[in-house]
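Just below is one structure, and these are the notes that go with it.
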Amino acid sequence: MEGISGIASSASATAAAANLTASAKISPALAGTAAVIASMASSLTNLPVVFKRLSRPQWMRITFSTTLQVAIGIAVLAIQRLAVAR
């Protein structure tokens with residue numbers, strides 16, 4: 001199950017955003033942003049579970065990779081926001 005230590009999984013958050021978009025309560029762009037943020041949060045909440053099962057070098061590589069993916073995701077969302085604002 002995704003996001004075991006989180007309040008809700010990214011899949012349920014994405015489904016909720018899709019439902020809100022389908023009922024025209026939020027824009028598709030906002031729903032997409034919510035899905036990306038939920039996915040990033042879910043990946044971060046899974047790190048403690050992974051930490052318990054791997055050696056330190058393996059855990060450090062996964063932590064670095066996950067952190068890099070989240071940072072790139074945030075950068076892409078920021079660039080997208082700036083591009084839409086123009």
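Any read-out appearing in this document is the output of simple, stated calculations on the displayed coordinates, not a laboratory observation. All of these numbers come straight from a predicted model, not from anything done at the bench. Here Cβ is always computed from backbone atoms with ideal geometry, including for glycine, and neighbour counts include all displayed protein chains.
Taking the mean number of other Cβ atoms within 10 Å as a proxy for protection, how do you rank 80-86, 65-71 from highest to lowest?
65-71, 80-86
If R₀ is 30 angstrom, what is the calculated FRET efficiency for the pair SER65 and SER12, using the beta carbon separation as r and rounding to 0.05? It would help to have the intermediate numbers written out before the result.
On the way: r = 25 Å, r/R0 = 0.82.
So, using R0 = 30 Å, E works out to roughly 0.75.
Residue-wise HN-Hα couplings along region 62-79, as the Karplus relation 6.51 cos²θ - 1.76 cosθ + 1.60 with θ = phi - 60° gives them from phi, are 5, 5, 4, 4, 5, 5, 5, 4, 5, 4, 5, x, 5, 4, 5, 4, 5, 5 Hz; Gly and Pro carry x.
At a 10 angstrom cut-off on C-beta neighbours, averaged per residue, how do the peptides 24-31, 11-18 rank from highest to lowest? If you can, show how the numbers build up before the last one.
Working: 24-31: 12.6, 11-18: 16.4.
Ranked by mean Cβ neighbours within 10 Å, highest first: 11-18, 24-31.
With the simple spin-label model, which puts each label point 7 Å out from Cα in the Cβ direction, the LYS52 to ILE79 separation comes to 3.8 nm.
Taking amide hydrogens as placed 1.01 Å from N in the peptide plane, the amide H of ILE26 sits under 5 Å from those of THR21, each at least 5 positions away in sequence or on another chain. Shape class for the chain: oblate, because the ratio a/c of the largest to smallest gyration tensor axis (alpha-carbon atoms, square roots of eigenvalues) is 1.5 or more and b/c is at least a/b. In the chain, helical runs assigned H by DSSP with n ≥ 4 each contribute -39500 (n - 2.57); averaged across all residues and rounded to the nearest 500, the mean residue ellipticity at 222 nm is -25500 deg cm²/dmol.
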